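Please read the structure below before turning to the comments.
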Amino acid sequence: MTAPVPVLVFMGPAGTGKSTVAGMLAGRLGWDFQEGDDLHPAENVAKMASGHALNDDDRWPWLDRVAGWIDGRIAAGRPGVITCSALKRSYRDVLRRDDVTFVLLMGDPKLVLERLLRRQGHYMPPSLLTSQFETLEIPDADERAIRVDLDLTPQEQVREVIDRLQLTQISS
């Protein structure tokens with residue numbers, strides 16, 4: 001019997017450091033990494049860049065692409081890390097698999113706004129942050145998820161995820 005193939009979905013509002021921490025973790029463990037924002041259809045990117053929040057109809061095709069990436073890792077027997085806001089339980093339901101764990105990076109919305117205001121070259125404007133926090137449904141106890149505090153440095157966040165989930169580097 002083969003061991004389960006873990007896939008981590010780094011979730012939460014924009015500006016929480018999903019890409020940074022997920023990329024660091026994937027690099028440290030030698031796992032596949034996918035920036036979930038890169039899977040958005042062009043229409044979604046244009047809508048967000050113009051300052052408009054996505055609605056559920058906008059998100060379903062994107063979530064299907066994220067789920068496809070997850071399924072590809074599982075089918076290939078390769079662990080992976082992907083970023084996806086996954087703000088609502090219904091969105092996480094599309095992504096949920098036996099070996100998927102959600103990692104919620106969360107902290108003070110004021111800190112997140114400060115980070116967004118300093119961020120360069122991303123299509124997500126800070127004006128949409130409030131709608132993301134309003135949409136966010138914190139994972140329930142019956143969902144496989146951990147919460148990691150934004151007060152930690154990215155390096156400390158990586159260490160906490162590794163320790164709490166008992167993750168190991170893939171062998172070459």
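With the radius of gyration and the Kirkwood radius both derived from the Cα set of region 1-68, what is their ratio Rg to Rh?
1.03
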DSSP-loop trypsin sites (Lys or Arg not before Pro) across region 44-83, with at most 13 other Cβ within 10 angstrom: none
Principal axis dimensions, largest first and in whole angstrom, of region 7-165 by Cα: 39, 33, 30
Around Glu43, what is the net charge, scoring Lys/Arg as +1 and Asp/Glu as -1 over all other residues with Cβ under 15 Å from its Cβ? -3
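Rule-based calculations on the coordinates, nothing more; no lab input. Values in this document were obtained by computation on a predicted structure and should not be read as measured data. Every residue, glycine among them, receives a Cβ derived from its backbone with ideal geometry; neighbour counts consider all protein chains shown.
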